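Below is one structure; the comments refer to it alone.
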Amino acid sequence: VMAVDAPATAGDAGGADGANSEQPVAGVDEFGPYRKERIWSMNEIRDHPLFMEDVPQDISDNPLLLALQSLIYEGKTQAEVVDHFKNLGNEALKSSNNKTSLHNALLCYTRALEEECDDKCLKSQLHSNRAFVSHRMKEYDKAVNDCRAALQLDPRNMKAYWRAAQASAALLLTAQALAFCNEALQIIPEEDEFLKFRSRLQKTLEHEDQERHQARQAADRVAQEKSGVDSVVQAVLQSRGVRLGPCLFDMSMYTPKGAPRPVLASDDDSAVVWPLLFMYDETSQSDFVDGFDERCILSDQLQIMFPADRHVEWDIEGKYVWDRLAAYLEYYPDGQQDTSLRRVDTSEPLVDMLKDLCLPPCISLHIMVDGSPFQETSASRTIYQLEEEQNFSQQQTAGR
């Protein structure tokens, strides 16, 4: 409650106390007439500059902060305002090296750049100073960007060259760091710090170039070896009428280093070692054999995998025994993208089963219990199709 000197009347409106007359008198007590003032609210207390812990980014709705800002900037030119924020940023960095100081310095330099003054040298210093803050924050890419902006405004800003070179080196961009050093030394050729740093960068770049060269040579050797082996394998397979089609399945779970492919046998340049994928469709299980010599017979491999005296864990019924199993080879019929199945004789060498077929690089064999209901429903249609193909081929041959 605020006391006033006299009751408000219409005649007082133009007098010295006219401001008081705009609000009605609440009453009169022993001290005289008074009127009610606005009471404190929690929001008003929180938003009062005296009690603020942080200044909000937008102060347009806070009249007290706007008034303080107008007092700070009153009578100052834009360049002086920019210089004011620059000095605040510098003081923040001098006071400490903690996160709060970096945060305040970053805010001040950014606020100064928002003024967009015409002094290019001053703006270049601001970008360079903000790059210094970014470098301390390990935001090296932002530091380089600010240095580039600084050098566009002032190509003789040596601090910008230095900070750009440092940040580039931290990003492992040695050639870029070296370029910044060289540009700076064109301005001041005898600058000792730049000369020392350039020498270190040159040694680092030479080492990196050597490592890259060695890596390229190793990759070329692997590619040449791989290409050479593949071409020889292709020639061997083509001599038997065997062609390679696309891989049927994603084999990364079995061969994480690359797709499996056939290779030549170590003891015979005319024999091939194949990767085999055994699939047990009835149980949704599979096995992978990295290298199977095509001169061997499948029954020997199946006897190792499914001996009569021991059953695999997933074979609950115990029906997967090597001499009770039938094997179906998956292949690409001529001119078709879809695959078909062909039953193979597991007692004969694999090489005899592959002639004149188009096969995936990893041979896929579907293993079923011979005579089981699953075999009858799964393989009968494919076998019938194969017989039809064979009959059609025989008719074509007879017609010729």
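For region 322-377, the share of alpha carbon pairs falling in successive 5 Å distance bins from zero is 4, 18, 28, 24, 15, 10, 1 percent. Computed over protein heavy atoms with a 1.4 angstrom probe, the accessible surface ordering of Arg310, Arg240, Arg148, largest first, is Arg310, Arg148, Arg240. With every protein chain in place and a 1.4 angstrom probe, the accessible-area ranking of Asp352, Asp118, largest first, reads Asp118, Asp352. Restricting the GluC sites (Glu not before Pro) of region 295-351 to loop positions (DSSP other than H, G, I, E, B) with no more than 15 neighbouring Cβ atoms within 10 Å leaves Glu313, Glu317. For Lys203, the solvent-accessible surface computed with a 1.4 Å probe is close to 140 Å², ligands and nucleic acids excluded. For Arg343, the solvent-accessible surface computed with a 1.4 Å probe is close to 110 Å², ligands and nucleic acids excluded.
Suppose a student asked you for the relative contact order of region 78-151, using Cα pairs under 8 Å spaced at least 6 residues apart; what percent would you report? In percent, rounded to a whole number, it is 27. The solvent-accessible area of Val236, taken with every protein chain present and a 1.4 Å probe, is close to 20 Å². For the set Val312, Val144, solvent exposure ranked by accessible area (probe 1.4 Å, protein chains only) runs largest to smallest as Val312, Val144.
Starting from the Cα of Lys138, draw a straight line to each of the lysines and keep only those under 21 Å, dropping any in the same chain fewer than 8 residues away. Partners within reach: Lys94, Lys99, Lys159. Computed from backbone phi, the HN-Hα couplings of region 174-188 come to 4, 4, 5, 4, 5, 5, 5, 4, 4, 5, 5, 6, 6, 7, 10 Hz, rounded to whole numbers (Karplus: 6.51 cos²θ - 1.76 cosθ + 1.60, θ = phi - 60°; Gly and Pro given as x).
Within region 149-192, the trypsin sites (Lys or Arg not before Pro) that combine a DSSP coil assignment with at most 15 other C-beta atoms in a 10 angstrom radius are Arg156. Plainly put, region 137-257 has a radius of gyration that is 1.33 times its Kirkwood radius, both from alpha-carbon atoms, as the Rg/Rh ratio. Checking every one of the chymotrypsin sites (Phe, Trp or Tyr not before Pro) in region 211-316 against DSSP loop status and a limit of 10 other Cβ atoms within 10 Å picks out Trp314.
The values are calculated or read from the model by the stated rules, or taken from the named source; none is laboratory data. It should be emphasised that the depicted structure is a prediction, and the values quoted were computed from it without experimental measurement. Methodologically, a virtual Cβ is constructed for each residue, glycine included, from the backbone with ideal geometry; neighbour enumeration extends over all protein chains shown. Accessible surface areas use protein heavy atoms only, side chains included; no ligands, DNA or RNA. Shrake-Rupley method; radii C 1.70, N 1.55, O 1.52, S 1.80 Å.
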